[in-house]
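Only one structure is covered here, and it is reproduced in the block below.
The values are calculated or read from the model by the stated rules, or taken from the named source; none is laboratory data. All values derive from a computational prediction rather than experimental measurement. With ideal geometry, Cβ positions are generated from the backbone for all residues, glycine too; neighbour counts draw on all protein chains shown. Each accessible area value is taken on the protein alone, full model and side chains, heavy atoms only, with ligands, DNA and RNA left out. Shrake-Rupley method; radii C 1.70, N 1.55, O 1.52, S 1.80 Å.
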Amino acid sequence: MSQQRECLRLVFLGTGTSTGVPMIGCECAVCLSDDPRNQRTRPSVLFQLRDGNLLIDTTPEMRIQLLRAKVKTVHAIAYTHAHADHLFGLDDARLFPRFLGGPVRIYCEQWVEDCIRRVFHYAFADAGKAASGFVPKLEFAPIAPAVPFESVGETILPIRLEHGPFPVLGFRIRNVAYCTDVSAIPVDSLRLLEDLDVLVLDALRLEPHPTHFSLSQALEIIRQLRPRQTYLTHLSHGFDHGPTNAMLPPGVALAYDGLTVDFS
Ligand SMILES: [Zn+2]
Ligand SMILES: [Zn+2]
Ligand SMILES: [Zn+2]
């Protein structure tokens, strides 16, 4: 593990919806915009914690995101869920053991592990044959909602969220919580999101959507939870960063790729 850090940091690696922004083939004003805050890769954050880096999800742009943020290695990965926009960069985790000296610890629920074993089957030994070649070396650690676990020097609390019909996990570390891909928050989970300094919350677009909060639904949750600051993520091309940010209430802002937030 690396040296201990005193100041903890949340790094927004990607803040876009599943298509990314710009969206292939789209010529709307946001997709054509010159504002770098309107260029959104798939959603992921990195927590820089006392003993190292905890990555939340491995997007198709994970390699680009880590290079851009000048992150040398990842010490552990936790998954919110196994949708393609949160998972498909995992192959590049094969580089991390060079720095770690061992496999990468993967914290996820059983259905996510099953999905990873299926999608990245070449990384796992099967039928007595060892996985060979330059493949990700992964070590699973099962996690469950509302059961805290320890990783890279911090206590991490998984929180059950509903993403349409899919069960998803949010994560709380101290007074910071990351809640992406959510269309409803169970009452028991709302209690685990009280007294936050920073909430990161899904807000896909202005119009309702079956598996994500719209902006007005996200604002309603924020009114209930009253975090000191909220950053909205999983953003579609429906949001032009500057004008949208200007109309948001105090303490609420759109996240953007490269945004960092220090916390203690
Ligand atoms: Zn997503
Ligand atoms: Zn567009
Ligand atoms: Zn999803």
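Computed quantities for the displayed model
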read-out: Qualifying residue in region 54-75 (condition: outside any loop (DSSP other than H, G, I, E, B), among the polar types (S, T, N, Q), modelled with pLDDT of 95 or more and under 13 Å from the mean Cα position of the chain (by Cα)); value: yes
read-out: Pair list, Cβ < 7 Å and 6+ apart or interchain, from region 134-150 residues that are closer than 12 Å to residue 103 by Cα to residues that are at pLDDT below 95 and of a type in the set (Phe, Trp, Tyr); value: 135/122
read-out: Qualifying residues in region 233-264 (those that are of a type in the set (S, T, N, Q) and open to solvent by 50 Å² or more (accessible area, probe 1.4 Å)) - the one farthest from the chain's Cα centre (by Cα); value: 264
read-out: Answer residue from region 7-53, given it is away from ligand 1 (no atom under 16 Å from the Cβ) and polar (S, T, N, Q) and is farthest from the chain's Cα centre (by Cα) among those; value: 33
read-out: Subset of region 187-230 (residues that are crowded, with 21+ Cβ neighbours inside 10 Å, closer than 20 Å to residue 47 by Cα and touching a residue at least 60 places away in the same chain (Cβ under 8 Å)); value: 200
read-out: Search result, residues across region 52-71 that are open to solvent by less than 10 Å² (accessible area, probe 1.4 Å) and β-branched (Val, Ile, Thr); value: 56, 58, 59
read-out: Residue check, residue 236 within 16 Å of ligand 1 (Cβ to nearest atom) and touching an Asp or Glu at 6+ places or on another chain (Cβ under 7 Å); value: no
read-out: Some residue of region 23-42 being within 22 Å of residue 112 (Cβ to Cβ) and assigned to a loop (DSSP other than H, G, I, E, B); value: yes
read-out: Tabulated pairs, region 70-95, first in contact (Cβ under 8 Å) with a residue 12 or more places away in the chain and within 24 Å of residue 157 (Cα to Cα), second within 16 Å of ligand 2 (Cβ to nearest atom) and open to solvent by 10 Å² or more (accessible area, probe 1.4 Å), C-beta under 8 angstrom, 6+ apart or interchain; value: 83/18; 84/18; 85/17; 85/18; 85/42; 86/42
read-out: Flag if residue 112 is surrounded by fewer than 20 Cβ atoms within 10 Å (Cβ to Cβ) and either in a helix (DSSP H, G or I) or of a type in the set (Val, Ile, Thr) (or both); value: no
read-out: Residue match in region 78-87 (condition: assigned to a loop (DSSP other than H, G, I, E, B), open to solvent by 60 Å² or more (accessible area, probe 1.4 Å) and at pLDDT 95 or above); value: no
read-out: Residue within region 124-133 that is under 30 Å from residue 262 (Cβ atoms), polar (S, T, N, Q), assigned to a loop (DSSP other than H, G, I, E, B) and away from ligand 1 (no atom under 16 Å from the Cβ) present; value: no
read-out: One residue from 206, 219, 201 being part of a strand (DSSP E or B), farther than 14 Å from residue 157 by Cβ and of a type outside the set (Ser, Thr, Tyr); value: 201
read-out: Region 54-69, residues that are within 16 Å of ligand 1 (Cβ to nearest atom) and either under 21 Å from residue 100 (Cβ atoms) or without any contact (Cβ under 8 Å) to a residue 12 or more places away in the chain (or both); value: 55, 56, 57, 58, 59, 62, 65
read-out: Residues located in region 152-170, provided they are surrounded by 19 or more Cβ atoms within 10 Å (Cβ to Cβ) and away from ligand 1 (no atom under 16 Å from the Cβ); value: 152, 156, 157, 158, 159
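Yes/no per residue for (1) within 16 Å of ligand 3 (Cβ to nearest atom); (2) in contact with an Asp or Glu (Cβ under 9 Å, 6 or more places away or on another chain); (3) not small (Gly, Ala, Ser):
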residue: 36; (1), (2), (3): no, yes, yes
residue: 40; (1), (2), (3): yes, yes, yes
residue: 55; (1), (2), (3): no, no, yes
residue: 64; (1), (2), (3): no, no, yes
residue: 72; (1), (2), (3): no, no, yes
residue: 79; (1), (2), (3): yes, yes, yes
residue: 82; (1), (2), (3): yes, yes, no
residue: 86; (1), (2), (3): yes, yes, yes
residue: 101; (1), (2), (3): no, no, no
